[in-house]
Amino acid sequence: MEQQQTQDQAPRGGLSHSGMDAIASVVIFLIGVVMMIDNYKLGAGWASDGPESGYFPLRIGAILCIASVVVLLKSLFGKARKHEIFVSWKRFKLVLMVLLPTGVYVLAIQFLGIYVASALFIAAFMRVMDKYSWLKTLLVSVAVSVALYWMFEVQFMVPLPKGPLEALLGF
Amino acid sequence: MMRFTRKLFNKTSLLPLSLAAFACAATLPMQAAAWEPTRPVEVIVPAGAGGASDQMARTIQGIIVKHKLMAQPMLVMNKSGASGAEGIMDVKGSKGDPHKLMVAFSAIYTLPIAVNLPFNWRDLNPVAMIAMDEFLLWVNSESPYKTPKEYLAAAKASGGNFKMGGTGAKREDHIITVALDKVAGAQFTYIPYKSGGEAATQLVGKHIDSNVNNPSENIAQWRADQVRALCVFSEHRMTYKDKVTKDQSWADIPTCKESGVDVEYQMLRAFFLPSGTSKDQVTYYAELLKKVIATPEWKEYVAKQALKEDYRTGQDFVKFLEKDEAFHTKLMTEAGFASKK
Amino acid sequence: MEELEALFQGFALALSWYNIGMMAIGIVLGIVIGVLPGLGGPNGVAILLPLTFTMPPTSAIIMLSCIYWGTLFAGAITSVLFNIPGETHSVATTFDGYPLAQQGKAGEALTAAFTGSFIGALVAVLLITFLAPLVAKFALKFGPPEFFAVYLLTFCSFVGTGKDPFKNIISMMLGFGLAAIGMDTVSGELRMTFGWSELLRGVDFLIVVIGLFGVGEILISMEEGLAFDGKSAKINAKVVLETWKKLPRYWLTLIRSSIIGCWMGITPGGATAASFMGYGIAKRFSKDGDKFGSGMLEGVIAPETAAHASGTAALLPMLALGIPGSATAAVLLGGLMIWGLQPGPLLFVEQKDFVWGLIASMYLSNIAGLIIVLSTVPLFAAILRIPFSIIAPIIIVVCAIGAYSVHSAMLDIWFMVLFGMVGYLLKKLDYPLAPLVLSLVLGDRAEAAFRQAMMGSKGAMEIFWSNSLVGSITTVALLMLVWPVLSFAWSKLGQLRSAGGSR
């Protein structure tokens, strides 16, 4: 396939694996810095009755910073760094095919309630990915939502977010 | 085989049950209320499952189900994150929702002071308070101390080596410990645990020298003669005269004040609705709770937990809250528990 | 044998049709609750508690404890099939269970998990039957220093030498950092909430795990185009018998994990800690230690046996001391009080019928549980045959519900998606996820125990060697920590010697 050709070559048209590694380590370094600052404000010393609340988190932040610098150096200058592309655009598109609808789904939960959003989400997947017939799609997606409703709201009485449809039906 | 089964069935609560049902059928007023819940009612417990608040909520839930006091079902939800701040903020954020009832205890005053939580009980709609919980000073029964004076003198002499265990930091138990420090000149090392149950076992295992648990948290150990009650932090002795241990009832425990240790502390057990709920809705729940506390099951429950029954609602309750809040604010500032920020 | 006599009376009590019916209902409910992430044992038991107020207490606790056994058994199911731990104690089961499922051996993995669970439970019940008073006394010996030593031992037994030690460290520290968000129980102060009240409650372990493992896994399989296929497991009853034939060779792992589990259940380390420790120690001492993580049956048996043994043993301190060894036990404890029973040292004396009825029911219901879950193996293995385009969105929906129901908070679903992306990235960059999960679960508890110990000793570290119990646990923990270095040095030394000899 395509990424076979790009292997062992300089990154072309995408981020290399070690490049991504470097970016991640910078993010981790920043997390460590934030932890250190916040916990320093809280008091991170060793009081008469043992460590204060910020004592451990401050040190954990420091360890994060040190370890992330090592990982960064390794990813930039190490011998074993991987030059192949982190993820090809073609494959990343597949990832986005799940990730973006999931984002939309979570957003929809806020407006439509979890049951309607779930039915739409499942239906969309079935139609777009495997092109199931409308009838099958409808049956599966509605059945799953109804089963979930029965299980959570009726049997276990766990209230989940509901939207206008449920309100209309009087639940 | 059958013999044992039958024995069990006879032994268990079938008889009290039928009695209770009978008693209740008689007391249940049949009038139609002005407002009634139209959806299941969530009871938010800002404490962990199995703790005293949770048990109370679930007992009430059981009583309501058994006596059919409410048409809609009732769900108990534990929101114990951040010492209960999670539950408190959740109810604060549910303005105008009459299907959310919160079980409150003194965290409604102490939490905002200790962690700068943007909350005040005035952000909620007070429904009713149903009881006060007592606190006692407990020591291991193998220790030589028989009176609070003796114990506190020994604690003072040790120069800060006596360990007091309690639930959480900057909360009820911690407040009482600081008050004891002040009255007796003792300097307890306060060790915060996750729950009263943990503090109870730690006392039996002699990892701490004393705790100030509620009656319900230490009753098992007390009855097994593993811990000794020195005094109760209340104005009057408790009223339950049935023997709990071989030779003591709750009423036999002296108050701390009569033993020469002038520290008093009790904790409310109350219910709140979110703000923006109507007067009818408050009245509905206040009446519901009134019916609950009239049942024999509730009487049995308070006796077992040695709770002090104290039903207040309306203006009476608000006045109590104001006074109690001032009391806590004073204690918290004196103890130096107020958040630095 | 006073215990045996009492136990037989207990059997007589538990063996009524009514109670057996309650057992079956409880186990099936428990399996359902265990399979759905977000609905945990504590929720399940708490929700059903009010229904039991009108039942005789023995039947009620039999049903509720069966829900608990059911969740303990079922936690493994989603871990093996979808890499999503249905319960917190089955995270360690995913490490080898999911690779097995990917190789088409889901049936074997599930059978091994269930059987291991059963054996762990059996050992724990035997312990409760014969050693209850002794064990209860042992549990009382545990104060803050001892607790910290136990957590330290869990960490040290689990921390192996990963591929990249620095990524290992980062992963573990990220877990500690996440665990520290929210209120610090020891001082009552807020940490790293940045004035955001939604963060008050901290980041729940379950949400992180659902995101990292569940959603992250779907993203990975999507990219790899694998789409969950190639996993169609053998679906017949033979797989159970075939797996059973292989199990006796893991007797040492079974015994070791049972002991670890019992110990962690009694000293409320909990089933989660037990499962990690069971896995870590099995990996350390197994001949095939290096192959762990690539789909070893032993790696499934070890954590499951420990988790179930611990979950069962956790009932002992609840009954004998009145302290719950787990969250579910805490709810059961509340139930006991509502039924008018007072858990604690006197329960064994005053409520003999109840206690022995319950203990007898533990034997019976674990046997019943094993039969029920084993018969569901083909059913669950068949789920893997559902096409990806249907099962993937359903998994995401169930994950979202699970994440929401932990705190009834919309934000948590967003966190789940976020951790899904983080999980995808970290996995692609070869960061191990296990240390993150472990330190997230145990981090704040270990810290609290450490600080409680320090308060008691006024800051003196000697407290961790102040008596033989805590001293020996701490020493073993430290030995575990340096073990890889020592064994490395040892083998190097050996090589040098032999090299020197041959020259």
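The values are calculated or read from the model by the stated rules, or taken from the named source; none is laboratory data. Here the structure is a predicted model, which is why all the values come from computation and not from measurement. Because the Cβ atoms are built from the backbone with ideal geometry, glycine has one as well, and the counts that use them run over all protein chains shown. With ligands, DNA and RNA removed, areas are computed over all heavy atoms of the protein, side chains included. Shrake-Rupley method; radii C 1.70, N 1.55, O 1.52, S 1.80 Å.
Taken together, the residues in region A:75-132 that are of a type in the set (Phe, Trp, Tyr), in contact with a strand residue (DSSP E or B) (Cβ under 8 Å, 6 or more places away or on another chain) and surrounded by fewer than 18 Cβ atoms within 10 Å (Cβ to Cβ) amount to 0. Of all residues in region A:147-164, those that are surrounded by 19 or more Cβ atoms within 10 Å (Cβ to Cβ) have Cβ atoms under 8 Å from Cβ atoms of residues that are among the charged types (D, E, K, R), 6 or more apart or on another chain, in A:LEU160/A:GLU153. For region C:172-215, a tally of residues being open to solvent by 30 Å² or more (accessible area, probe 1.4 Å), out of contact with any Lys or Arg (no Cβ under 8 Å at 6 or more places or on another chain), closer than 26 Å to C:SER157 by Cα and in a loop (DSSP other than H, G, I, E, B) returns 1.
Evaluating C:ASN43 against the criteria (1) open to solvent by 10 Å² or more (accessible area, probe 1.4 Å); (2) modelled with pLDDT of 80 or more leaves one unmet condition, (2). Across region C:413-440, the qualifying residues are those that are of a type in the set (A, V, I, L, M, F, W, C) and part of a loop (DSSP other than H, G, I, E, B), and the one among them that is farthest from the other protein chains (Cβ to nearest Cβ) is C:LEU433.
Can you tell me which of (1) open to solvent by 10 Å² or more (accessible area, probe 1.4 Å); (2) over 24 Å from the mean Cα position of the chain (by Cα) is the one A:CYS65 doesn't meet? So A:CYS65 meets the others, but not (2). Just so you know, in region B:65-86 the residues that are more than 9 Å from every other protein chain (Cβ to nearest Cβ) and assigned to a helix (DSSP H, G or I) include one that is surrounded by the most Cβ atoms within 10 Å (Cβ to Cβ), and it is B:GLY84. Please tell me if C:LEU126 is part of a helix (DSSP H, G or I), open to solvent by 50 Å² or more (accessible area, probe 1.4 Å) and modelled with pLDDT under 90. Considered against the rule, which asks whether it is part of a helix (DSSP H, G or I), open to solvent by 50 Å² or more (accessible area, probe 1.4 Å) and modelled with pLDDT under 90, C:LEU126 comes out as no. Restricting region C:379-398 to residues that are outside any helix (DSSP H, G or I) and more than 7 Å from chain A (Cβ to nearest Cβ), the residue that is most open to solvent (accessible area, probe 1.4 Å) is C:ARG385. Pairs are defined by a Cβ separation below 6 Å, a sequence spacing of at least 6 or placement on different chains, a first member in region B:319-341 that is among the small types (Gly, Ala, Ser), and a second member that is open to solvent by 60 Å² or more (accessible area, probe 1.4 Å); the pairs so defined are B:SER339/B:ASN116. Figure legend. Inter-residue proximity from region C:1-13: first residues within 13 Å of another protein chain (Cβ to nearest Cβ) and in contact (Cβ under 8 Å) with a residue 24 or more places away in the chain, second residues buried (at least 17 other Cβ atoms within 10 Å of the Cβ) and polar (S, T, N, Q), beta-carbon distance below 7 Å, spacing 6+ or different chains. Indicated pairs: C:LEU7/C:THR129; C:LEU13/B:THR5; C:LEU13/C:THR58. Check region B:103-117 and report whether any residue there is assigned to a strand (DSSP E or B) and outside the structural domain of B:LEU203 (by TED's automatic domain parsing). Yes, because at least one residue in region B:103-117 is assigned to a strand (DSSP E or B) and outside the structural domain of B:LEU203 (by TED's automatic domain parsing). Name the one entry in B:VAL139, B:VAL183 that is in a helix (DSSP H, G or I) and either of a type in the set (A, V, I, L, M, F, W, C) or touching a Lys or Arg at 6+ places or on another chain (Cβ under 6 Å) (or both). Among B:VAL139, B:VAL183, only B:VAL183 is in a helix (DSSP H, G or I) and either of a type in the set (A, V, I, L, M, F, W, C) or touching a Lys or Arg at 6+ places or on another chain (Cβ under 6 Å) (or both).
Of all residues in region C:134-146, one or more are at negative phi, away from chain B (no Cβ under 14 Å) and assigned to a helix (DSSP H, G or I). Given the structure, is B:THR177 in contact with a strand residue (DSSP E or B) (Cβ under 9 Å, 6 or more places away or on another chain), at pLDDT 90 or above and more than 14 Å from every other protein chain (Cβ to nearest Cβ)? It is false that B:THR177 is in contact with a strand residue (DSSP E or B) (Cβ under 9 Å, 6 or more places away or on another chain), at pLDDT 90 or above and more than 14 Å from every other protein chain (Cβ to nearest Cβ).
Okay, residues lined up against (1) in contact with a helix residue (DSSP H, G or I) (Cβ under 6 Å, 6 or more places away or on another chain); (2) without any contact (Cβ under 8 Å) to a residue 40 or more places away in the chain; (3) open to solvent by 60 Å² or more (accessible area, probe 1.4 Å); (4) farther than 26 Å from B:MET89 by Cβ:
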| residue | (1), (2), (3), (4) |
| --- | --- |
| B:SER278 | no, no, no, no |
| B:TYR285 | no, no, no, no |
| B:LEU289 | no, no, no, no |
| B:THR295 | yes, no, no, yes |
| B:GLN305 | yes, no, no, yes |
| B:ASP310 | no, no, no, yes |
| B:GLN315 | no, yes, yes, yes |
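Residues that are away from chain B (no Cβ under 12 Å), hydroxyl-bearing (Ser, Thr, Tyr), closer than 23 Å to A:ILE63 by Cα and part of a helix (DSSP H, G or I) occur in region C:157-170; there is at least one.
Go through (1) modelled with pLDDT of 85 or more; (2) open to solvent by less than 10 Å² (accessible area, probe 1.4 Å) for C:GLY335 and report which single condition fails. Among (1) modelled with pLDDT of 85 or more; (2) open to solvent by less than 10 Å² (accessible area, probe 1.4 Å), C:GLY335 violates only (1).
Condition check ((1) within 14 Å of another protein chain (Cβ to nearest Cβ); (2) modelled with pLDDT of 90 or more; (3) surrounded by 22 or more Cβ atoms within 10 Å (Cβ to Cβ); (4) more than 29 Å from C:GLY459 (Cβ to Cβ)) across all residues:
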| position | (1), (2), (3), (4) |
| --- | --- |
| B:ASP173 | yes, yes, yes, no |
| B:TYR193 | yes, no, yes, no |
| B:ALA199 | yes, no, yes, no |
| B:HIS207 | yes, yes, yes, no |
| B:ARG223 | yes, no, no, yes |
| B:VAL227 | yes, yes, yes, no |
| B:SER234 | no, yes, no, yes |
| B:ARG237 | no, yes, no, yes |
| B:LYS243 | yes, no, no, yes |
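Conditions first: (1) touching a Leu at 6+ places or on another chain (Cβ under 8 Å); (2) open to solvent by 40 Å² or more (accessible area, probe 1.4 Å); (3) facing another protein chain (nearest Cβ under 9 Å). A:SER141 passes all but one, so which condition is the exception? Only one criterion in (1) touching a Leu at 6+ places or on another chain (Cβ under 8 Å); (2) open to solvent by 40 Å² or more (accessible area, probe 1.4 Å); (3) facing another protein chain (nearest Cβ under 9 Å) is unmet by A:SER141, namely (2).
One line per residue, one yes/no per condition, for (1) within 14 Å of chain A (Cβ to nearest Cβ); (2) hydroxyl-bearing (Ser, Thr, Tyr); (3) surrounded by 15 or more Cβ atoms within 10 Å (Cβ to Cβ); (4) assigned to a loop (DSSP other than H, G, I, E, B):
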site: C:GLU447; (1), (2), (3), (4): yes, no, yes, no
site: C:ARG451; (1), (2), (3), (4): yes, no, yes, no
site: C:MET455; (1), (2), (3), (4): yes, no, yes, no
site: C:PHE464; (1), (2), (3), (4): yes, no, yes, no
site: C:VAL470; (1), (2), (3), (4): no, no, yes, no
site: C:THR475; (1), (2), (3), (4): no, yes, no, no
site: C:MET480; (1), (2), (3), (4): no, no, yes, no
site: C:TRP490; (1), (2), (3), (4): no, no, no, no
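Looking only at residues that are aromatic (Phe, Trp, Tyr) and under 27 Å from C:PRO432 (Cα atoms) in region C:171-206, which one is farthest from the other protein chains (Cβ to nearest Cβ)? Checked region C:171-206; the qualifying residue farthest from the other protein chains (Cβ to nearest Cβ) is C:PHE205. Residues in region C:395-431 that are closer than 23 Å to A:MET20 by Cβ and among the hydroxyl-bearing types (Ser, Thr, Tyr): C:TYR424, C:TYR431. Test C:LEU429 against the criterion of being open to solvent by less than 20 Å² (accessible area, probe 1.4 Å) and modelled with pLDDT under 85, and give yes or no. Considered against the rule, which asks whether it is open to solvent by less than 20 Å² (accessible area, probe 1.4 Å) and modelled with pLDDT under 85, C:LEU429 comes out as no. The residue that is farthest from C:ILE394 (Cα to Cα), counting only those in region A:76-113 that are in contact (Cβ under 8 Å) with a residue 40 or more places away in the chain and aliphatic (A, V, I, L, M), is A:LEU76.
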